[in-house]
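Reading through the structure tokens given below for one structure.
The values are calculated or read from the model by the stated rules, or taken from the named source; none is laboratory data. These numbers were taken from a predicted model, which means no experiment stands behind them. Here the Cβ positions follow ideal geometry from the backbone for every residue, glycine too, while neighbour counts run over all protein chains shown. SASA here: full protein model, heavy atoms, side chains in, ligands and nucleic acids out. Shrake-Rupley method; radii C 1.70, N 1.55, O 1.52, S 1.80 Å.
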Amino acid sequence: MVYGLSTIDFFPSDSLKYLTMKLIIHGGFFSESQTNQEIKKAKQEALAEIAKLGYKHLQSHTAAETAVYAVSLLEDSELFNAGTGSQIQSDGKIRLSASLMDGKSLRFSGVINVEDIKNPICVAEKLLNFDDRVLSGKGAKDFATEHGFGYYNPETPQRRKEYDKKLSDSIRLGTVGCVALDVLGNLAAATSTGGKGFEIPGRVSDSATTAGNYANTFAGISCTGVGEDIVSGAVASTIVTRVTDGMPLALATEKTFNELKPIDGFAGIVGISATGEIYHADTHPYMVWALCDGEVEVFS
Ligand code: GLY
């Protein structure tokens, strides 16, 4: 259940369904050395399936519940750098970060650098109902354990191989995210990451900040890319603020991306506005994303 709402009494008559519902997801960037067609195709197929499942979920759940659901599926896919299959940090450990922004309640919750759990986005969702809503490290892990999230090692043999070979340039950028617009016009954004790979332990990703993940009643944005650039540009919150002030989503995004140019920022976003405008932008090619408003479309 999402703060203040229950799924059961949330949805009005069937006649209102399908009027506005939209879902957009991303699997981050894949690095240029991973552009072989097999990996690209596998990611596209995974995104298509998750977009379809997410949209089905949206028919009977809130935007926030759906964003969490879609991101949890992305976390469970080894193809992406979030949850299972996350990248390994410089000290050999995996630390996960994820956040949820419910545009209706205007609540943000998240976990930063949490270890040994399966779905950090579900811990973020659990935190949405608490006064203390962003937890890091051991505190986040203790909270997760107290609330029934068991031990789980998200490492895969492929990531260990990359780490052992010090292939830091071959991985890095596979953050996942989702923005959903539900039948009542409410928006939510969810984002999850294993970080950059090979980072200094303690480094904080953008994904559990409002620079990397933000929504209100006007728009929702989920980011991927280099966290330091995204935080420097306050990307998600800036785009959403511009839409709130009356700018179309596309223009708000382009203006914000122009502001990344002086720092040569590396970023990508997916977004939806309350008017149903859907937009994607990236500073570099090789971002994979998909949308569903009835029909699934996959892009890269
Ligand atoms: N965007 C993911 C990260 O930099 O951690």
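Return the total of residues in the stretch 39-69 being in a helix (DSSP H, G or I), more than 29 Å from P201 (Cα to Cα) and open to solvent by 10 Å² or more (accessible area, probe 1.4 Å). Counting residues in the stretch 39-69 that are in a helix (DSSP H, G or I), more than 29 Å from P201 (Cα to Cα) and open to solvent by 10 Å² or more (accessible area, probe 1.4 Å) gives 15.
S105 - would you say it is under 20 Å from P157 (Cβ atoms), of a type in the set (G, A, S) and not in a strand (DSSP E or B)? It is false that S105 is under 20 Å from P157 (Cβ atoms), of a type in the set (G, A, S) and not in a strand (DSSP E or B).
Please work out if E162 is assigned to a helix (DSSP H, G or I), open to solvent by 60 Å² or more (accessible area, probe 1.4 Å) and either near the ligand (Cβ under 10 Å from one of its atoms) or among the acidic types (D, E) (or both).
Details: assigned to a helix (DSSP H, G or I): yes; open to solvent by 60 Å² or more (accessible area, probe 1.4 Å): no; either near the ligand (Cβ under 10 Å from one of its atoms) or among the acidic types (D, E) (or both): yes.
Spelling it out, it is not the case that E162 is assigned to a helix (DSSP H, G or I), open to solvent by 60 Å² or more (accessible area, probe 1.4 Å) and either near the ligand (Cβ under 10 Å from one of its atoms) or among the acidic types (D, E) (or both).
Only residues that are open to solvent by 30 Å² or more (accessible area, probe 1.4 Å) and small (G, A, S) were counted across the stretch 234-249, and they come to 2. If you go through the stretch 274-300 and keep only what is more than 20 Å from Q44 (Cβ to Cβ) and without any contact (Cβ under 8 Å) to a residue 60 or more places away in the chain, you end up with T275, E277, T283.
Sort out which residues of the stretch 202-216 are open to solvent by 30 Å² or more (accessible area, probe 1.4 Å), within 13 Å of the ligand (Cβ to nearest atom) and not small (G, A, S), and write them in order of number.
First, pick out the residues of the stretch 202-216 that are open to solvent by 30 Å² or more (accessible area, probe 1.4 Å): 202-204, 209-210, 214.
Adding the requirement that they be within 13 Å of the ligand (Cβ to nearest atom) leaves 202-204, 209.
Selection gives R203, V204, T209.
Selection over the stretch 256-283 of residues that are closer than 19 Å to T224 by Cβ and out of contact with any strand residue (DSSP E or B) (no Cβ under 7 Å at 6 or more places or on another chain) gives a count of 7. Here D132 meets each of (1) surrounded by fewer than 24 Cβ atoms within 10 Å (Cβ to Cβ); (2) part of a helix (DSSP H, G or I) with one exception, condition (2). Look at the stretch 70-93 and say how many of its residues are open to solvent by 10 Å² or more (accessible area, probe 1.4 Å) and farther than 21 Å from A42 by Cβ. Counting residues in the stretch 70-93 that are open to solvent by 10 Å² or more (accessible area, probe 1.4 Å) and farther than 21 Å from A42 by Cβ gives 4. Filtering the stretch 210-229 to residues that are under 13 Å from A98 (Cα atoms) and more than 11 Å from the chain's Cα centre (by Cα) leaves T210, A211, G227. Number of residues in the stretch 238-264 that are within 15 Å of the ligand (Cβ to nearest atom) and assigned to a helix (DSSP H, G or I): the value is 1.
Residues that are under 18 Å from L291 (Cα atoms), surrounded by fewer than 24 Cβ atoms within 10 Å (Cβ to Cβ) and in contact (Cβ under 8 Å) with a residue 60 or more places away in the chain do occur in the stretch 22-33.
For the stretch 195-225, a residue qualifies if it is more than 18 Å from P248 (Cβ to Cβ) and part of a strand (DSSP E or B), and the qualifying residues are N213, S222, C223, T224, G225.
Among the residues of the stretch 217-232 satisfying the criterion of being touching a strand residue (DSSP E or B) at 6+ places or on another chain (Cβ under 9 Å) and of a type in the set (A, V, I, L, M), which is farthest from the ligand (Cβ to nearest atom)?
Here is the first cut: in the stretch 217-232, the ones touching a strand residue (DSSP E or B) at 6+ places or on another chain (Cβ under 9 Å) are 217-227, 229-230.
If we keep only those that are of a type in the set (A, V, I, L, M) too, we end up with 219, 221, 226, 230.
Details: A219: 19, I221: 13, V226: 5, I230: 6 Å.
The extreme case among them is A219.
For the criterion of being in a helix (DSSP H, G or I) and touching a helix residue (DSSP H, G or I) at 6+ places or on another chain (Cβ under 9 Å), A98 fails. The residues in the stretch 135-153 that are over 22 Å from T210 (Cα atoms) and not in a loop (DSSP other than H, G, I, E, B) can be counted, and the count is 3.
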